[in-house]
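Visitor: Please see the structure below; I have some questions.
The values are calculated or read from the model by the stated rules, or taken from the named source; none is laboratory data. Here the structure is a predicted model, which is why all the values come from computation and not from measurement. So basically every Cβ, Gly included, is an ideal-geometry build from the backbone, and we count neighbours across all protein chains shown.
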Amino acid sequence: MSLEQLFEELFNSIPHWLATIMISALPFSELRGAIPIAVGVYGMDPLVVYFLAVIGNMIPVIPLLLYLDPISTCLRRFKVGDAFFSWLFTRTHRKHSERFERYGTLALTIFVAIPLPMTGAWTGCVAAFVFGISFKHALMAISSGVLIAGMIVITVTLLGFSAINLAI
């Protein structure tokens with residue numbers, strides 16, 4: 001059984017509202033994957049989908065913001081962990097520090113709001129950790145970004161399904 005079949009079987013065996021929340025909470029799909037599935041596959045009401053997807057996407061944010069630092073500190077005791085976090089901090093600061101210094105938490109909000117691969121709440125939490133953004137500011141920025149991303153994805157999803165229905 002493939003991973004895709006496993007997830008399909010799992011998410012078909014639970015209520016659609018719960019599947020939407022769970023898919024939104026996953027790091028590789030977040031609400032960018034949950035919204036089109038809930039609207040297109042499950043046929044759920046878009047407004048309900050939006051709120052469920054936002055809730056699901058926000059579930060891992062607080063634990064990630066609270067525990068990334070202690071986990072990284074623990075892992076830095078090991079040579080491999082220290083090498084990884086040194087690489088991560090150096091690379092991220094080199095590539096993105098100018099934008100984060102200039103725009104602060106607004107940059108984090110925009111980063112999370114852009115519905116592209118490798119952007120979103122999970123990556124936003126990592127960015128907040130790497131750049132040392134305080135919990136309060138990171139939570140506000142990531143929450144705002146998730147709300148905006150949800151609006152963008154629901155709009156694109158509805159327009160896409162409308163275009164498909166018109167073409168048929």
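Visitor: Is it true that Ala113 is under 23 Å from Leu159 (Cβ atoms), assigned by TED's automatic domain parsing to the domain that holds Phe11 and buried (at least 20 other Cβ atoms within 10 Å of the Cβ)?
Guide: On the way: under 23 Å from Leu159 (Cβ atoms): yes; assigned by TED's automatic domain parsing to the domain that holds Phe11: no; buried (at least 20 other Cβ atoms within 10 Å of the Cβ): yes.
So Ala113 fails the test.
Visitor: Those residues that are over 14 Å from Val54 (Cα atoms) and either part of a loop (DSSP other than H, G, I, E, B) or of a type in the set (S, T, N, Q) (or both), I need them from the range 7-40; list them, please.
Guide: Passing the criteria: Asn12, Ser13, Ile14, Pro15, Phe28.
Visitor: Continuing with the same structure: Quick one: which of Asp45, Asp82, Asp69 is surrounded by fewer than 16 Cβ atoms within 10 Å (Cβ to Cβ) and in contact (Cβ under 8 Å) with a residue 60 or more places away in the chain?
Guide: Working: Asp45 fails: in contact (Cβ under 8 Å) with a residue 60 or more places away in the chain; Asp82 fails: in contact (Cβ under 8 Å) with a residue 60 or more places away in the chain.
From the options Asp45, Asp82, Asp69, the qualifying one is Asp69.
Visitor: Answer yes or no: is there a residue in the range 72-83 that is among the aliphatic types (A, V, I, L, M) and closer than 20 Å to Gly120 by Cβ.
Guide: Initial filter on the range 72-83 (among the aliphatic types (A, V, I, L, M)): 75, 80, 83.
From the residues that got through so far, the ones that are closer than 20 Å to Gly120 by Cβ too are none.
Checking the range 72-83: not a single residue is among the aliphatic types (A, V, I, L, M) and closer than 20 Å to Gly120 by Cβ.
Visitor: Could you please let me know if Phe7 is modelled with pLDDT under 95, farther than 22 Å from Ile142 by Cβ and within 19 Å of the chain's Cα centre (by Cα)?
Guide: Details: modelled with pLDDT under 95: yes; farther than 22 Å from Ile142 by Cβ: yes; within 19 Å of the chain's Cα centre (by Cα): yes.
Taking the combined requirement at face value, the residue satisfies it.
Visitor: Considering only residues of the range 132-158 that are within 21 Å of Ile23 (Cβ to Cβ) and free of Cβ contacts under 8 Å to residues at least 60 places away in the same chain, which is nearest to the chain's Cα centre (by Cα)? Working first, answer last.
Guide: Filtering the range 132-158 for residues within 21 Å of Ile23 (Cβ to Cβ) gives 142-143, 145-158.
From the residues that got through so far, the ones that are free of Cβ contacts under 8 Å to residues at least 60 places away in the same chain too are 145, 148, 152, 155-156.
Working: Gly145: 9, Ile148: 12, Ile152: 14, Thr155: 17, Val156: 17 Å.
Among residues in the range 132-158 that are within 21 Å of Ile23 (Cβ to Cβ) and free of Cβ contacts under 8 Å to residues at least 60 places away in the same chain, the one nearest to the chain's Cα centre (by Cα) is Gly145.
Visitor: Take Ala127 and tell me if it is surrounded by 14 or more Cβ atoms within 10 Å (Cβ to Cβ), touching a His at 6+ places or on another chain (Cβ under 9 Å), outside the structural domain of Tyr42 (by TED's automatic domain parsing) and not basic (Lys, Arg). I'd like the intermediate steps shown before the answer.
Guide: Values: surrounded by 14 or more Cβ atoms within 10 Å (Cβ to Cβ): yes; touching a His at 6+ places or on another chain (Cβ under 9 Å): yes; outside the structural domain of Tyr42 (by TED's automatic domain parsing): yes; not basic (Lys, Arg): yes.
Against the criterion (surrounded by 14 or more Cβ atoms within 10 Å (Cβ to Cβ), touching a His at 6+ places or on another chain (Cβ under 9 Å), outside the structural domain of Tyr42 (by TED's automatic domain parsing) and not basic (Lys, Arg)), Ala127 qualifies.
Visitor: Among helices (runs of 4 or more DSSP H) lying entirely in the range 49-168, which contain 3 or more residues that are closer than 29 Å to Pro15 by Cα?
Guide: Because the criterion is at least 3 residues that are closer than 29 Å to Pro15 by Cα, the helices (runs of 4 or more DSSP H) in the range 49-168 that meet it are 61-75, 121-130, 135-167.
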